[in-house]
1. Filter the stretch 128-155 down to the residues that are touching a Pro at 6+ places or on another chain (Cβ under 9 Å) and of a type in the set (Gly, Ala, Ser) and list them by number.
2. Please list, ordered by first then second residue, the pairs with beta carbon atoms under 8 Å, 6 or more apart or interchain, first in the stretch 90-109 and on the phi > 0 side of the Ramachandran plot, second among the aliphatic types (A, V, I, L, M).
3. So which of Val288, Val245, Val270 ends up being aliphatic (A, V, I, L, M), farther than 30 Å from Gln215 by Cα and touching a helix residue (DSSP H, G or I) at 6+ places or on another chain (Cβ under 6 Å)?
4. Which members of the stretch 217-244 meet the condition of being of a type in the set (A, V, I, L, M, F, W, C), touching a Ser or Thr at 6+ places or on another chain (Cβ under 8 Å) and crowded, with 19+ Cβ neighbours inside 10 Å?
5. Identify all residues within the stretch 107-141 that are small (Gly, Ala, Ser), over 16 Å from the mean Cα position of the chain (by Cα) and either under 19 Å from Met66 (Cα atoms) or in a loop (DSSP other than H, G, I, E, B) (or both); write none if there are none.
6. In the list Ala126, Ala167, Ala185, Ala148, which residue meets the criterion of being closer than 23 Å to Arg333 by Cβ and touching a Lys or Arg at 6+ places or on another chain (Cβ under 8 Å)?
7. Among the residues of the stretch 146-173, which ones are outside any helix (DSSP H, G or I) and hydroxyl-bearing (Ser, Thr, Tyr)?
8. Would you say Pro43 is over 24 Å from Ala341 (Cα atoms), surrounded by fewer than 16 Cβ atoms within 10 Å (Cβ to Cβ) and modelled with pLDDT under 50?
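The values are calculated or read from the model by the stated rules, or taken from the named source; none is laboratory data. Quantities reported herein were computed from a predicted structural model and do not represent experimental measurements. When we count neighbours, we look across all protein chains shown, and the Cβ atoms used for this are built from the backbone with ideal geometry, even at glycine.
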Amino acid sequence: MFSDRQVAAAEKYRNAPPPDVAGSIAAPAGPMGPEMARPPELPATPSWPNLSGGSVLLDRATWAPMELRHQQQVDELTAHHRARTAEHRAHPVEDFLFTYYSYRPSQLRRWHPGAGTALLDAGSRAEWRFHRSVSAGPLQGQAAIVDASEYLAARGKTVGFIRELLARTQSSPPHFGCFGLHEWAMVFQADELRHLGWPLRLGRAGTDDVVRAHQIRCSHFDAFRFFTPTAKPRNLLAPDLENRVGMEQPACLHASMDLYKWAFRLSPVVSSDLLLDCFRLARQIREVDMRASPYDLTALGYRPITIETAAGKNEYVTAQRDFAARGQALRTRMRGELDRAFGPADAGGQPVQPTAGDPGERTRPGRRDRSVLGASTAAGRGLSAAVGRDHLGDRDPGGVSGTDRCVHG
């Protein structure tokens, strides 16, 4: 998080008058005041992206410790996973955030301040994907900043989908009666277990009896699609790629876990501070998700949440309510960061006013955005179907990405 000094500096820049020269950053008052940083004879530089709250300029003495702190936190959070990977050992709970979501620790470790924050003395950062260089005045030189216009031009459909999903999920009424039965439905009457080597806590017959004794109400497509064929008809709902935006609701554990997915797919527009908070929440949810599953993971130190009992149901719902509240807070933050980057969105996730044309916007020679949603991919399937395939570069007609074929539960 930002220190009081950094917050005060940010507010000073946000409240500074707009620059006289397009693209320059308002300097703080004092010896290097605006009149010195923006002399009339300076040539015009590329204009800023469409930012609703102004821009923040950070010198290296301010942002370098922020970057280092982020890297240290990621190193600590991923240490066990990296050690297991080096030894070719798997973990049925913790590996999920790196296999199913397919975002490597090295990618999580790269720090981004988010759109609207320019960094002085940032080396080659301005040459990174979706970044550019802007003038910070003659006494400060060039600064690197996220190019929100370039990002929106390349990934506008993805941005629109995520914004609509966040808004619809946040406004939907929460449902707390699922009790994590999606994990049980994934092994109902199955010949093979999803997590080989880990036994079912109640055995095969006992597990199937729990499914038969409950009404399954799973609203999350990425869980429902892993149900066994005999479990799918038992679900009260039928989520799919076409209706997933309308089906999502804030009490769903996987909907809150997916905030991590949306955050890293929106990088570098959203801040690493938000990304890491989403990762932490997803990690805690994953543990509860598997403790409430039919698997016996006591050998790994996970006490089961016995959702087949009244006490277990109460324990699950208590955790679920906490996760739902925290997920809603993260949705608010993510939507706020997207509004600052691209301007307010309409109900469909599209900017109310399209980002203004940016004279400095450019696609660097030889670079091609491999995640652009092509018309041939999206045709006839709707936006959500296109996003379901293209986020990870897959073209599977069923909308299942290559990495998503890993065990979900």
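1. Across the stretch 128-155, the qualifying residues are Ser133, Ser135, Gly137, Ala148, Ser149.
2. Every condition considered, the pairs that remain are Ser102/Leu392.
3. Val270
4. Taking the stretch 217-244 first, the residues of a type in the set (A, V, I, L, M, F, W, C) are 218, 221, 223-224, 226-227, 231, 236-238, 241.
Next, from what is left, pick out any that are touching a Ser or Thr at 6+ places or on another chain (Cβ under 8 Å): 237, 241.
Leu241 - this is the single residue of the stretch 217-244 that is of a type in the set (A, V, I, L, M, F, W, C), touching a Ser or Thr at 6+ places or on another chain (Cβ under 8 Å) and crowded, with 19+ Cβ neighbours inside 10 Å.
5. The answer is Gly116, Ala118, Ala122, Gly123, Ser124, Ala126, Ala136, Gly137, Gly141.
6. Numbers: Ala126 fails: closer than 23 Å to Arg333 by Cβ; Ala185 fails: closer than 23 Å to Arg333 by Cβ; Ala148 fails: touching a Lys or Arg at 6+ places or on another chain (Cβ under 8 Å).
Among Ala126, Ala167, Ala185, Ala148, only Ala167 is closer than 23 Å to Arg333 by Cβ and touching a Lys or Arg at 6+ places or on another chain (Cβ under 8 Å).
7. Filtering the stretch 146-173 for residues outside any helix (DSSP H, G or I) gives 146-147, 172-173.
Across the stretch 146-173, the qualifying residue is only Ser172.
8. Working: over 24 Å from Ala341 (Cα atoms): yes; surrounded by fewer than 16 Cβ atoms within 10 Å (Cβ to Cβ): yes; modelled with pLDDT under 50: yes.
Here the answer is yes, as Pro43 does meet what is asked.
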